Amino acid sequence: MAKILEIRDLKLSFETEEGTVEALDGVYLDVEEGHFHGLIGETGCGKSITGLTVIGLLDNNARIERGEVLFRGKDLLKFTERQFQREIRGKEVAMVFQDPASSLDPVFSIKDQMLEAVRLNKKEEKQSNERIVKELLNKVKLPDVESLLEKYPHQLSGGMKQRVMIAMMLGRNPSMLIADEPTTALDVSIQAQFLRVLMDLKNTTNLTVLYITHNLAVLTEICDEVSVMYAGRIVETASIGDVFNNPSHPYTRKLVNSILRADSTLDSLEEIPGSVPRLINPPPGCRFHPRCEEAVDECSRVIPPVKEIGTNHLVACLRR
Amino acid sequence: MAGRKRSFWIRRIVRTLVTAFGVSLVAFLILHLTPGDPAKIMLGPYASEAAYEAIRERYHLNEPLPLQYLYWISGVFRGDLGDSIRYNRPVLELIKDRIGPTLALMGSALFISITLGIFLGIVAAIKRNTPIDYFATFQAVFWLSIPPFWLGILFLYIFGLQLRWVPIGGMVGFTSLIFPALTIGLRDEAWFARPMRAEMLEVLNQDYIKAVKAKGLKYSSVIVKHALRNALIPMITMIALRLPWVIGGSVVVEVVFSWGGLGSFLVSSVLARDYPVVQAILLLIAMLVVVANLVADLLYSVIDPRIRKES
Ligand SMILES: Nc1ncnc2c1ncn2[C@@H]1O[C@H](COP(=O)(O)OP(=O)(O)O)[C@@H](O)[C@H]1O
Ligand code: SF4
Ligand SMILES: [Mg+2]
């Protein structure tokens, strides 16, 4: 199995008026080609930033301090804006955002926006571009494509918009899709429908998906591997089975336990005592230590290195 | 949907008509708001009794006010705006002679202010917090803090008197249009550049901008196609709302530059108490503003599909 994405020791901060936000501090993340890889963690832990780094859309105040982001072996951190635009965005890596309500340009029709993506591929005649657009919309199971094309975003429901987004992002046949909490803004029933579309893509294409969420239950349905993020670091990466049956990091265990306890509400991360630390002056050593029941003295001094504790099972905890 | 759309337009047009009626009333009442006998106001205190009676007859001043209005407004619809007391010629003819220069001046001023204001707004947003952005702010504050008549005099002094690049006032071809147009246009440019910058920044922060970038669209296309189109929508109102100031500015500037348009004509007619002319020009200006607002709404519905399809 080839790795399509390897993030190595990525450290990234933001300059703000209140100080330096140490948003990512030594992130390691490997994604296998053709796999669905989940990235889970509480709001503000750095999931979106990780995705935006891969597609080169970080805010201007971001500063990359060290590390590598290898996409098919090429370090994206060395790419210029122009290289990202020509070689990566849309073509190799596409991204779907959290809020479908604001992800489509309100003043252009669905057809215009879909065609815009498809046309970036190669110069083809109008006829076949329109055919490609219709195929894409069928692929994400949108009904009544003909009339949909003439519509404007405000005329679609959130679920439809999000499927249009996926179709649009697949318009250039990228190898990887970053889905940043794509179902968070959707109703539960619509979520299921959306996940079925993704499952279908998984079964019929070789698309790699980095699926960002703060909902562990969603991941169990579609992901092969999961990385758990806490305050700017990946604390555990394992197959979906290992995460549930054999969670190792104290934080992961709490996540899994809270899901099992509260079997109705799957949006469970809030139930862990304490809250995510602010990333201006984050806790030294292991960033989880103020909330960790297993913490020892050392934990507030030493940054836990990433260890392999089983096949493809990585954990960053001093006591493992 | 079509029904709702139609009722929206019916309501909009009714509102325009009501506004138009209101402003026509104001223009009409101008003469009567001034205390004293309108005939004496128009002719001055030293005319003969026969002359007073003639003017009362001509403008139906012996009739009750509502009837006078009806006479006046039905005249307006027939193209009879009365006769100028000063020139003893139909007001309509006098206006026809002068409306061209005014439209040329206002048109150029608007063109300068809109293109420059929008351009500087975009550039300032893209290059925010850089010297370019600071320069855009600085120039806007600069133009806004100079009174138009003073700026006009300054231009005349420097470019007319000292450098002799342009004629000192009057209307001698294209060159004499430049500085009057700049005097109005620069001020309004300053007025448009700030909100345009704010709109652009707001739009550039939207998810859909990130999304079109994620598709792989070129930066220039992202700006020109998506950001600009969205940021321009609220600017339509800004521009329509600004129109009265553009008109007001052109009145002052026409006087400063001896521009033979409606603005300077209005001022001289006020001074000469040539009320039929004053009424007609005020009515014209007010109608222009009313129509511009209607056009702005129409434009909205063309550019913004959210309005086009729903309301
Ligand atoms: N442009 C920015 N300037 C300053 N801080 C930022 C910026 N973007 C993100 N952050 C901070 O980085 C951290 C991670 O953000 P993000 O990746 O969006 O979290 P999430 O896991 O919820 O997606 C947060 O603490 C956020 O406040
Ligand atoms: S390193 Fe220490 S504080 Fe961090 S998770 Fe492990 S035991 Fe807890
Ligand atoms: Mg996020």
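The values are calculated or read from the model by the stated rules, or taken from the named source; none is laboratory data. Predicted model only: the values in this text are computed from it and were never measured. Every residue, glycine as well, gets a Cβ built from its backbone with ideal geometry; the counts of neighbours run over all protein chains shown.
Okay, here's what the table says:
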{"item": "Answer residue from the range A:46-90, given it is polar (S, T, N, Q) and more than 18 Å from the chain's Cα centre (by Cα) and is modelled with the lowest pLDDT among those", "result": "A:ASN60"}
{"item": "Pair list, Cβ under 6 Å, 6 or more apart: the range A:96-111 residue within 7 Å of chain B (Cβ to nearest Cβ), other residue of a type in the set (A, V, I, L, M)", "result": "A:ASP99/A:ALA185; A:SER103/A:MET165; A:SER103/B:ALA211"}
{"item": "Filter result (part of a helix (DSSP H, G or I) and away from chain B (no Cβ under 11 Å)) within the range A:144-167", "result": "A:VAL145, A:GLU146, A:SER147, A:LEU148, A:LEU149, A:GLY158, A:GLY159, A:MET160, A:GLN162, A:ARG163, A:ILE166, A:ALA167"}
{"item": "Hey, B:GLY248 without any contact (Cβ under 8 Å) to a residue 12 or more places away in the chain, surrounded by fewer than 22 Cβ atoms within 10 Å (Cβ to Cβ) and away from chain A (no Cβ under 11 Å) or not", "result": "yes"}
{"item": "Number of the condition not met by A:VAL27 [criteria: (1) modelled with pLDDT of 95 or more; (2) within 16 Å of ligand 1 (Cβ to nearest atom); (3) surrounded by fewer than 18 Cβ atoms within 10 Å (Cβ to Cβ)]", "result": "(3)"}
{"item": "Candidate set from the range B:288-304 (those that are within 14 Å of another protein chain (Cβ to nearest Cβ) and assigned to a helix (DSSP H, G or I)); member that is surrounded by the fewest Cβ atoms within 10 Å (Cβ to Cβ)", "result": "B:VAL302"}
{"item": "Residue count for the range A:79-95, restricted to those that are more than 8 Å from chain B (Cβ to nearest Cβ) and more than 17 Å from B:ALA211 (Cβ to Cβ)", "result": "5"}
{"item": "Answer residue from the range A:181-222, given it is more than 16 Å from ligand 3 (Cβ to nearest atom) and among the acidic types (Asp, Glu) and is nearest to the other protein chains (Cβ to nearest Cβ) among those", "result": "A:ASP187"}
{"item": "Residue list for the range A:58-95, restricted to those being without any contact (Cβ under 8 Å) to a residue 60 or more places away in the chain and aromatic (Phe, Trp, Tyr)", "result": "A:PHE79, A:PHE84"}
{"item": "Residue ranges of helices (runs of 4 or more DSSP H) in the range B:172-287 with at least 2 members over 30 Å from A:LEU170 (Cβ atoms)", "result": "B:175-204, B:228-256, B:262-271"}
{"item": "Residues of the range B:39-71 that turn out to be in a helix (DSSP H, G or I) and under 22 Å from B:SER268 (Cβ atoms), as a count", "result": "8"}
{"item": "Test set (1) within 25 Å of B:PRO244 (Cβ to Cβ); (2) touching a strand residue (DSSP E or B) at 6+ places or on another chain (Cβ under 9 Å) - B:ASP80 fails condition number", "result": "(1)"}
{"item": "Qualifying residue in the range A:116-129 (condition: in contact (Cβ under 8 Å) with a residue 40 or more places away in the chain, closer than 28 Å to A:LEU195 by Cβ and within 16 Å of ligand 2 (Cβ to nearest atom))", "result": "no"}
{"item": "Any hit, the range A:97-115, residues being assigned to a strand (DSSP E or B) and away from ligand 2 (no atom under 16 Å from the Cβ)", "result": "no"}
{"item": "Test for B:LEU177: is it modelled with pLDDT under 90 and closer than 28 Å to B:ASN293 by Cα", "result": "yes"}
{"item": "Tally, over the range A:25-60, of residues that are more than 14 Å from every other protein chain (Cβ to nearest Cβ) and within 13 Å of ligand 3 (Cβ to nearest atom)", "result": "10"}
{"item": "Exclusive hit being assigned to a helix (DSSP H, G or I), closer than 30 Å to B:LEU271 by Cα and of a type in the set (S, T, N, Q), set B:THR137, B:THR102", "result": "B:THR102"}
